[in-house]
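To start, the structure under review is shown below, and the notes come after it.
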Amino acid sequence: MTTSEQGDIVGTRPRIALLGSIPADISTTLRQVFELIDQDTLPALPESQRKAITHGLTSAMGGVNHAMLEDLPSLNAIASVGAGMDRFDLPWLSARGIAVHPTPDVMTEDTAEFAVGLLFALLRNIVSNDGFVRRGAWSAGRAPLGYRISGRKIGIVGLGRIGSRIAGKLAALGCEIAYSGPSRKDGPWRFEPDLAELARQVDVLVLSCAGGEATRGIINAEVLDRLGPQGYLVNVSRGSVVDEAALIEALERGAIAGAALDVFENEPLPNPLFLTLPNCILQPHASVFTRENRRDLAAALERILRS
């Protein structure tokens, strides 16, 4: 008999309040070691049992249902799937003695790797060439030329954990790296404080900055025009960082060459105009969809929830 099965029998599995949505596979894994109390079930628990719950669980995309916290007076820690903190009212939670524990470290490598993959897909026409073969166009001529990755000038917006890893990977491929953000960081790459000027100087802008009001819409029509008709955009940060109307217009008129987007303002139903754009690669917020990530993420959440 497994430890979790023994815990079920004696009722010793720690109870964790589900405060927002989490991925189904993570829920299934954690339910083997915790009793996850769903939002609909929580109010029906006796008051003494609700008072005994000290930990909650949610995701960066799910945030927190504040109304639930009124039923959890002893809650002091929330584990969150993901790195983002823009959907949490941290001052409000702190005033109630509740700490939020995101899981950024287990997201870094996969997100950085995915960003590099999207850059390859764009510049080497990997996605469009697949369609070229499937529709039989190869028999009529060669596919369009792409660009060599080595030697490309890359601008990274947000040189945090993920941005630094992206920079390191692309530098190893022979790219020239510059970055923009709130302040200069230690490291070998050139800092350009003016985002529009950075866009003018580079071949590709890679977005790896935090979401929230401070970065909402910073990739606007001016930045896209500065990026220019041979420039590309890769976004693995948050959909809110991009003025999507301006991006769609820029892609439609060829103001930039193309974009690869893993995130959108509205998920899982992005603006349908994106679906009509042949120069735009679309992904389902999948930068961390690896088996290694799910293993590491479940382990990180279990550590937080047992602390």
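Observations on the model:
- Consider segment 256-280 and keep the residues that are within 16 Å of the chain's Cα centre (by Cα) and under 11 Å from residue 233 (Cβ atoms). The one that is surrounded by the most Cβ atoms within 10 Å (Cβ to Cβ) is 260.
- Filter result for residue 250 (in contact with a helix residue (DSSP H, G or I) (Cβ under 7 Å, 6 or more places away or on another chain), assigned to a helix (DSSP H, G or I) and open to solvent by less than 30 Å² (accessible area, probe 1.4 Å)): yes
- Filter result for residue 287 (under 17 Å from the mean Cα position of the chain (by Cα) and assigned to a helix (DSSP H, G or I)): no
- Among the conditions (1) touching an Asp or Glu at 6+ places or on another chain (Cβ under 8 Å); (2) among the aliphatic types (A, V, I, L, M); (3) within 15 Å of residue 155 (Cα to Cα); (4) open to solvent by 20 Å² or more (accessible area, probe 1.4 Å), the only one that residue 195 does not satisfy is (1).
- Of all residues in segment 127-169, exactly one satisfies the criterion of being of a type in the set (Ser, Thr, Tyr) and within 23 Å of residue 241 (Cβ to Cβ), namely 164.
- The residues of segment 73-92 that are open to solvent by less than 40 Å² (accessible area, probe 1.4 Å), at pLDDT 95 or above and in contact with a helix residue (DSSP H, G or I) (Cβ under 8 Å, 6 or more places away or on another chain), listed by number, are 75, 77, 78, 79, 81.
- Count of segment 212-247 residues, restricted to those that are closer than 14 Å to residue 263 by Cα and open to solvent by 20 Å² or more (accessible area, probe 1.4 Å), is 5.
- Entirely in segment 116-229, the strands (runs of 3 or more DSSP E) that have 1 or more residues that are acidic (Asp, Glu) and out of contact with any helix residue (DSSP H, G or I) (no Cβ under 7 Å at 6 or more places or on another chain): 176-180
- Matching entry among 114, 34 (being aromatic (Phe, Trp, Tyr), closer than 20 Å to residue 261 by Cα and in contact (Cβ under 8 Å) with a residue 24 or more places away in the chain): 114
- Residues of segment 286-298 that turn out to be open to solvent by less than 40 Å² (accessible area, probe 1.4 Å) and either closer than 24 Å to residue 77 by Cα or hydrophobic (A, V, I, L, M, F, W, C) (or both), as a count: 5
- Tally of residues being open to solvent by 60 Å² or more (accessible area, probe 1.4 Å) and either in contact with a Ser or Thr (Cβ under 7 Å, 6 or more places away or on another chain) or of a type in the set (Gly, Ala, Ser) (or both) across segment 43-57: 4
The values are calculated or read from the model by the stated rules, or taken from the named source; none is laboratory data. Since this is a predicted model, take the numbers as computed values, not measurements. A quick note on method: Cβ atoms are made from the backbone with ideal geometry, for glycine too, and the neighbour counts reach across all protein chains shown. Protein only, heavy atoms only, side chains kept; ligands, DNA and RNA dropped before computing areas. Shrake-Rupley method; radii C 1.70, N 1.55, O 1.52, S 1.80 Å.
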